[in-house]
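The values are calculated or read from the model by the stated rules, or taken from the named source; none is laboratory data. Remember, it's a predicted structure, so these values are computed and weren't measured experimentally. In this analysis, Cβ positions are derived from the backbone assuming ideal geometry, glycine residues included, and neighbour counts consider all displayed protein chains. We work out accessible area using only protein heavy atoms, side chains counted, and drop any ligands, DNA or RNA first. Shrake-Rupley method; radii C 1.70, N 1.55, O 1.52, S 1.80 Å.
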Amino acid sequence: MGDSVAIMKLEEELTRRLAKLREQGLYRTLREIGSAQGPRLTLGNRTVLNFGSNDYLGLAGDPRVKEAAAEAARHWGAGSGASRLVCGNLEPHVRLERALAEFKQTEAALTFSSGYTTAVGTLCALAGKDDIVILDKRAHACLVDGARLSGARLRVFAHNDLEDLEHILKWAADVRARRVQAGTAPPVILIVTESVFSMDGDTAPLRKIAGLKDAYDAWLLVDEAHATGLLGPAGAGLAAELDAHARIEVLMGTLGKALGSAGGFICGSRTLIDYLVNRARSFIFSTAPVPAAAAAAAAALELVRGPEGEELRLRLKQRVSQFQAALGRPNLEIPTAIVPLVLGPAEEAMRAAAELLEAGIYVPAIRYPAVARGAARLRITLSAAHSAEDVGQLAAAIRGLQLQPAGDGS
Ligand SMILES: *Cc1c(COP(=O)(O)O)cnc(C)c1O
């Protein structure tokens, strides 16, 4: 081994890579938050307004949700001890899944430790190397990673562009026809999109996508991470709002956003869920979620579905329209809690975020690879827990920045 010229030392190599990220304005660091999740954060010795959380209804800090977590920890223990298929399938998991299925009006539901592992496990179970996965250009990283890891042929359609999607579906149908002709197994064609897009706050035309899905005999997976608890009757999501949920084979959601806990889930037919129990590797080979997380999510879900959920959604809607009006923007047809301010270059977004922080307001700057290069932005998220004064303060601070918004980066 004496000839070591070509050997890269880990420290040197990683230092070089990090320096490159710094040069590009893409270097990231963690900041320690000294308070619980809520409309205010403690950063070092300062308290600042928080417009970066996905805790859209303020349920992460709700006393009943917290108590449900505490009670579950006392009764069921801190950890689940094993994977669900071994001996970790506890009553809180089963109860939560029953409630989720009822909530989404499907036969069954399955929870995972995170939304990320939900996407990866489900996509890899449904699609393989002979199949085709078609993704919206702005789909979340976990959907992209799941699609890649599945080994399926990947196609990306322009964001919310039905013509482009149909164009790709035609190609996929050709591939299928040729396979059938050759006497080989036809590929699965799986369309994957979000219902509310995490970095833009806009919504997918789910009814039209479902129409194309039917026309081309494809399957459809919709990630409702940012719609669950917020849109639709009783907060069931955008698919329910658009009356498209019965046409979507695979409904995905997360428990860590409006539901204030942690985890991810799939709702669908009993057969789909039985299949995932058998084939989703991120479900099978992972310790069951902690009982506290499942119990907290179940308690939050109960609130979300009840009259209080209705009130929280209404309050959030008022905050969002107050903020849009203050920015001089029209209200979206389907308003969501995510309001992006696209600034373009990463440095611009970083500078604006730093300036807001000076003014006592935390808003995250989002850069590549979370969004496209040149589409860096402030990603403002509002919560029902914000007061009208909080939102007024944010709007005033943003006006004070004198920003020159870029296009939407598409
Ligand atoms: C946050 C998010 C996920 C991942 O969920 P986690 O529970 O945080 O892992 C998946 N999809 C979308 C669209 C998200 O925004």
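The figures follow:
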read-out	value
Of all residues in segment 134-154 being basic (K, R) and farther than 13 Å from T193 by Cβ, the one that is farthest from the ligand (Cβ to nearest atom)	R153
Segment 68-118, subset within 16 Å of the ligand (Cβ to nearest atom) and among the aromatic types (F, W, Y), residue farthest from F265 (Cα to Cα)	Y116
Output for segment 217-226, where each listed residue is over 16 Å from C142 (Cβ atoms) and either within 22 Å of the chain's Cα centre (by Cα) or within 16 Å of the ligand (Cβ to nearest atom) (or both)	W219, L220
Residue match in segment 7-18 (condition: of a type in the set (V, I, T) and in contact with a strand residue (DSSP E or B) (Cβ under 8 Å, 6 or more places away or on another chain))	no
Selection count, segment 360-384, where residues are out of contact with any strand residue (DSSP E or B) (no Cβ under 9 Å at 6 or more places or on another chain) and open to solvent by 10 Å² or more (accessible area, probe 1.4 Å)	3
Among the candidates A292, A262, A326, A234, residue that is in the same structural domain as Y116 (by TED's automatic domain parsing), open to solvent by 10 Å² or more (accessible area, probe 1.4 Å) and away from the ligand (no atom under 16 Å from the Cβ)	A234
Qualifying residue in segment 26-34 (condition: open to solvent by less than 90 Å² (accessible area, probe 1.4 Å), touching a helix residue (DSSP H, G or I) at 6+ places or on another chain (Cβ under 6 Å), more than 16 Å from the ligand (Cβ to nearest atom) and within 24 Å of R315 (Cα to Cα))	no
Near pairs, Cβ below 6 angstrom, 6+ apart or cross-chain, from segment 244-256 (touching a residue at least 12 places away in the same chain (Cβ under 8 Å)) to any residue that is part of a helix (DSSP H, G or I) and more than 9 Å from the ligand (Cβ to nearest atom)	A244/L206; A244/R207; A244/A210; H245/A239; R247/A210; I248/A239; L255/A297
Residue match in segment 214-231 (condition: in a loop (DSSP other than H, G, I, E, B), buried (at least 16 other Cβ atoms within 10 Å of the Cβ), at positive phi and touching a residue at least 40 places away in the same chain (Cβ under 8 Å))	yes
Any hit, segment 306-317, residues being within 15 Å of the ligand (Cβ to nearest atom) and under 19 Å from the mean Cα position of the chain (by Cα)	no
Pairs where the first residue, in segment 321-336, is without any contact (Cβ under 8 Å) to a residue 40 or more places away in the chain and the second is part of a loop (DSSP other than H, G, I, E, B) and not polar (S, T, N, Q), C-beta under 9 Å, 6+ apart	S321/P335; Q324/P330; Q324/L332; Q324/P335; P335/G201
Condition met for S35 (hydroxyl-bearing (S, T, Y), touching a Ser or Thr at 6+ places or on another chain (Cβ under 7 Å) and assigned by TED's automatic domain parsing to the domain that holds A299)	no
One residue from D164, D136, D174 being under 26 Å from G237 (Cα atoms) and free of Cβ contacts under 8 Å to residues at least 12 places away in the same chain	D164
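Results for (1) out of contact with any helix residue (DSSP H, G or I) (no Cβ under 7 Å at 6 or more places or on another chain); (2) within 12 Å of the ligand (Cβ to nearest atom), shown as yes or no for each residue.
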position: T184; (1), (2): yes, no
position: S195; (1), (2): no, yes
position: D200; (1), (2): yes, yes
position: R207; (1), (2): yes, no
position: A215; (1), (2): yes, no
position: L242; (1), (2): no, no
position: L255; (1), (2): no, yes
